[in-house]
Amino acid sequence: QELWLVFSIENLPMFLIGDFNAASTDVSVFPNAYNALVSPQYSSFIDLWLQNEDTQVEDGYTSSQSLLLSNEDSLLTRRTDHLFYKGEMEVKRSAMEIFGDDEKNGKTASGLWASTHAAVFCDLSLS
């Protein structure tokens with residue numbers, strides 16, 4: 001909550017990128033980190049995943065494989081790894097992809113998942 005106060009009064013352009021352990025669909029706690037960051041009441045960040053018409057909230061799952069990483073099929077069912085921005089700048093997202101969300105690019109040679117989370121890659125142009 002202390003950071004939300006700083007983010008709400010800061011006017012400089014800013015990016016926040018990381019694992020926020022909160023999805024937009026989490027309703028158990030409000031405001032959770034996601035909802036506080038995108039809420040005009042707190043910080044007014046923009047979720048880059050939702051900036052293009054080709055991506056939806058239910059796409060882009062990045063969490064969470066089993067802790068042992070040995071599950072056969074992917075268990076990614078939540079989008080908790082986010083890229084947010086705010087401020088007086090134009091941000092154009094030319095590409096954004098999830099990597100490590102399927103067997104082809106998410107499993108090691110030993111058959112384990114590389115991580116409990118998939119990675120998010122983004123190509124941006126700033127002006």
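The values are calculated or read from the model by the stated rules, or taken from the named source; none is laboratory data. The structure displayed is predicted, hence computed values, not measured ones. With ideal geometry, Cβ positions are generated from the backbone for all residues, glycine too; neighbour counts draw on all protein chains shown. Please note that ligands, DNA and RNA were not included when accessible areas were found on the heavy atoms of the full protein model with its side chains. Shrake-Rupley method; radii C 1.70, N 1.55, O 1.52, S 1.80 Å.
Just a few scattered comments:
- The criterion of being over 12 Å from the mean Cα position of the chain (by Cα) and at pLDDT below 90 does not hold for L75.
- Just so you know, in segment 55-70 the residues that are at pLDDT 95 or above and out of contact with any strand residue (DSSP E or B) (no Cβ under 6 Å at 6 or more places or on another chain) include one that is nearest to T108 (Cα to Cα), and it is S70.
- In the set (1) in contact (Cβ under 8 Å) with a residue 60 or more places away in the chain; (2) farther than 17 Å from G18 by Cα; (3) part of a strand (DSSP E or B), the condition left unmet by V120 is number (2).
- Single unsatisfied condition, Y85 versus (1) touching a Phe, Trp or Tyr at 6+ places or on another chain (Cβ under 6 Å); (2) modelled with pLDDT under 85: (2)
- Conditions (1) open to solvent by less than 30 Å² (accessible area, probe 1.4 Å); (2) at pLDDT below 90; number of the one not met by A118: (2)
- In this structure, N105 qualifies as in a helix (DSSP H, G or I) and more than 23 Å from Y34 (Cβ to Cβ).
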